[in-house]
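**Student:** Before anything else, here's the structure in question.
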Amino acid sequence: MKKLLAITLCAALTLCCAASLAGEKKTLGTLDGMFAIEGDVPDGYRIEAIDSEGNGMLVVSVSSEDKSKPYMILSVAFDETMADVERLNDLDEGTLAMIEESFRAEDNVEITYTETAYGTKLMMVKEVADGVEYVDFFTVYKGYSIEFVLLKDSAGGLTDHEIEMAVKFLSDMEFVPAN
C-alpha cells in the first residue's frame, strides 16, 4: 500500500512540474529598457526578433516548422497620438473610426471587435489579398500601439481555432516593467 501511495504521489508531482513548465512565459522582447513583453508561445512555435534595436519599436515573428500552421507577427511601437491612452477600450467612437479607416486602404476588409480574456478590446481586421488570408489584431496599451498579424495561405484559410489561438496569445501577453 505504501509503495502504491509513493508511486501515486511521485506521478502527481511529476505532472505538477510538467504543468508548471508548460505554462512558463517566455520573453518575446524588451522595449527601450522600459518593459519586457512576456507570453506563452503556442505549442510548435518559436519566436524570433525582427526589430528590437531600442528605437521605440519591437517586432517579433512567431512561426512554426509546420507550414500548414499560420505565421504570426507581433509589433509594438510607442504612438505619440496615443500617449495618454491606457487601452483601446478608452477611445471614443470617432477615434476608433479614424483607426478603422487606416485599415480600410485595401479592398475586401472586414472589421469586427473581440476581447482578450481580460476584457481588453481588440480590433480584428480580416482581409484576403493575393491568395493569402490575414487577420490583423490591433489594440493599445499605455500609449503603445500593438498590432498582431496572423496569416496563412488561403488554400486552407484561417480556422476559428487558429483565430482563438491568436486571441489567447494576446490575452496571455504581459508587459513587465524593467527593474
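Readers should treat all values here as calculations from the given coordinates under stated rules, not as data from a laboratory. In this text the structure is predicted, and so the values were computed from the model without any measurement. With ideal geometry, Cβ positions are generated from the backbone for all residues, glycine too; neighbour counts draw on all protein chains shown.
**Student:** Filter the cross-link list Lys25/Lys126; Lys26/Lys67; Lys69/Lys142; Lys126/Lys152 down to pairs whose alpha-carbon distance in this structure exceeds 21 Å.
**Tutor:** Pairs exceeding the cut-off: Lys25/Lys126; Lys26/Lys67; Lys69/Lys142.
**Student:** Let me ask something additional. So what is the diffusion coefficient of segment 82-131 in µm² per second by Stokes-Einstein at 37 °C and 0.692 mPa s, using a Kirkwood Rh over Cα pairs? Don't skip to the answer; put the middle values down first.
**Tutor:** On the way: Rh = 12.2 Å.
Answer, rounded: 269 µm²/s.
**Student:** Starting from 0.36 nm per residue, how many nanometres of slack lie between Lys67 and Asn55 once their C-alpha separation is accounted for?
**Tutor:** On the way: separation 12, 0.36 × 12 = 4.32 nm, distance 3.14 nm.
1.2 nm is the gain from fully extending Lys67 to Asn55.
**Student:** Counting other C-beta atoms within 10 Å, which of Asp172, Asp92 has the fewest, and how do the rest follow?
**Tutor:** Details: Asp172 17, Asp92 7.
Taking fewest neighbouring Cβ atoms as first place, the list is Asp92, Asp172.
**Student:** Does segment 25-177 classify as rounded, prolate or oblate by the C-alpha gyration tensor (a ≥ b ≥ c root eigenvalues; a/c under 1.5 gives rounded; else a/b over b/c gives prolate, otherwise oblate)?
**Tutor:** Values: a/c = 1.65, a/b = 1.09, b/c = 1.51.
Oblate, because a/c is 1.5 or more while a/b does not exceed b/c.
**Student:** With point charges of +1 on the Cβ of Lys and Arg and -1 on the Cβ of Asp and Glu, referenced to the Cα centre of segment 119-176, which listed residue (Val132, Ser145, Val167) lies farthest in the positive direction of the dipole?
**Tutor:** Positive-end residue among those listed: Ser145.
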